[in-house]
Amino acid sequence: MAVLWAALLAGMLGRQGWVLDLFAHFRPQYGALFFAIALVSLARRHAALAFASMAGAVLAMVPVVQHLGLLSISAQAVGSPTTGAQDMAAPFRLVTYNTWLRQRDHTSLAEYLESADADTIVLQEIGHAQADALHTRLSSYPYAYTEPGLDGAVVFSRWPILEARTVRLGEKGTPAAWVVIRWRDVDTTVLGVHLHWPLGGRSARLRNQELAHVAAYARSVTGPLLVAGDFNTTPWSSHFQDMIRASGLGNCAAGRAIAGSWPAQFMPLGIAIDHCLASHHWRSLNVRTGPRLGSDHLPVVADLMLLQ
């Protein structure tokens, strides 16, 4: 139990260093383990150990419960509509998926995307040639922007892409795919991202700078905006929370799900690092993970309603 307490407290000090921040990502697992230890301790009548374990479970799970909307002080939800705002009739479905650079066979991926009935797809870790080859198999998505390539994100769309460009998230940050989609007569901006992984001080600093650039970009957009991709951080990280507060975006999974998407090979350790974020123009309906398709990630599927 001492190890669990050390890991939990280390994660809470994540702003102090990249190694500490890594421990922040497993709070649901910490809570489950603390609770299991508490139950065993009660059965063996070790009251002090049971109390310490339950205290750890509560401390670990408070932000998780808030994220799920089970407490009145909840994580920022998508779509806090103004008085009189109504949902548009049709939902918008976004799929984001890190295809994994080691994956070469995209047959199962193409079949899944064709059946996903998405409006927009954001993929990461797929090069230009692979993205173009995959696009030829996606008859349901005639529009694409693949310029950012392997280091960034590519976008496939069922709806016309009116504008598209590559934006770099900082001087040394990763490229992001910026597209404007004409969805049911509404111009919707989608930013597809793939941030640096947080292993090593330099890489972690770059990821945090990219998070800051995402927040700054979100503040500059006045219309409907969706930001999706592999953020390489979870909702429990202080850096992710800072970005949410600074951006004005809402986590589509808040109040809906945890959506652990990595590592797909061993989901008891699954953490939510693939996200859909949305401006206040949207209301989240549902967020879920998709099937294993050969990557170390699972797809994340978000259904949203546009408020009007």
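Just so it is clear, none of the values below were taken in a lab; they were calculated from the coordinates. Please read all numbers here as calculations on a predicted model, not as lab measurements. FYI the Cβ positions are ideal-geometry reconstructions off the backbone, even for glycines, and counts take in every protein chain you see.
Karplus couplings for the stretch 294-302 from phi (6.51 cos²θ - 1.76 cosθ + 1.60, θ = phi - 60°), rounded to Hz, Gly and Pro as x?
Calculated HN-Hα couplings, in order: x, 9, 7, 10, 9, x, 10, 10, 10 Hz.
How do the peptides 38-49, 120-131, 278-289 rank, highest first, by the average count of neighbouring beta carbon atoms within 10 Å per residue?
Values: 38-49: 13.1, 120-131: 22.4, 278-289: 20.7.
Packing order, densest peptide first, comes out as 120-131, 278-289, 38-49.
If you average the C-alpha positions of the stretch 175-210 and of the stretch 250-270 separately, how far apart do those two centres end up, in angstrom?
19 Å
Taking the Cβ-Cβ separation of Ala6 and Ala216 as r and a Förster radius of 35 Å, what is the calculated FRET efficiency to the nearest 0.05?
Numbers: r = 35 Å, r/R0 = 1.00.
It comes to 0.50.
Once the Cβ-Cβ distance between Arg184 and Ala36 is put in as r, and R0 is 51 Å, what FRET efficiency do you end up with, to the nearest 0.05?
On the way: r = 48 Å, r/R0 = 0.94.
After rounding to 0.05, the efficiency reads 0.60.
Set Lys and Arg Cβ to +1 and Asp and Glu Cβ to -1, take the dipole of the chain about its Cα centre, and tell me which of Gly294, Leu13, Ile126 lies farthest positive.
Sorting the options by dipole projection puts first Leu13.
What share of all Cα pairs of the stretch 2-67, in percent, falls into each consecutive 10 Å distance bin?
Once binned at 10 Å, the Cα pair distances of the stretch 2-67 give 24, 48, 23, 5.
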